[in-house]
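Participant: Just passing along the structure, written as structure tokens.
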Amino acid sequence: MKAVRIVQVILAVLVAAYLWLLHSANPDLVRLPLADYFVPPVPVSFVVAFALILGFLIGFVPARLNAWRKGRELSKTKRELEQLRVQLRESDTVVKRTGTYYAVPEHPVIPDRGHDATYDAELDDDTHA
């Protein structure tokens, strides 16, 4: 189990113990002013537990939805990148929005030496002047 999960479980147990102690120490019933017509009087610990759960959901759900959206965008971008890599391997030319770019070959061809000549780094050095 990950360390973060262990800490989360410990915090959940501490919150549950706190709510139990709160209920034991304060068994009074409260009336909620806006929901008095719909909800009968409830214990204070129920109101606190509901507030905690509601606050957690308000913070958790939008963050989780955002993470799922970012994950889908990342996987889509990875698929597009792989398709572009396949196209690059199949072709020597890559066309982008701003123009045409030519892929650099592994061994450049020197025009005045012909296509069969191999690249020789010693001949291109200007140090023997």
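Participant: Considering region 29-50 alone, what residues qualify as being out of contact with any strand residue (DSSP E or B) (no Cβ under 7 Å at 6 or more places or on another chain), outside any helix (DSSP H, G or I) and surrounded by 10 or more Cβ atoms within 10 Å (Cβ to Cβ)?
Facilitator: R31, L32, A35, D36, V39
Participant: Based on this model, can you work out whether R31 counts as modelled with pLDDT of 90 or more and on the phi < 0 side of the Ramachandran plot?
Facilitator: no
Participant: Tell me whether region 36-52 contains one or more residues that are under 29 Å from the mean Cα position of the chain (by Cα) and touching a residue at least 12 places away in the same chain (Cβ under 8 Å).
Facilitator: Yes.
The values are calculated or read from the model by the stated rules, or taken from the named source; none is laboratory data. Note that the coordinates shown come from a computational prediction; the quantities given were computed from them, not determined experimentally. Glycine also receives a Cβ, built like all others from the backbone with ideal geometry; neighbour counts cover every protein chain displayed.
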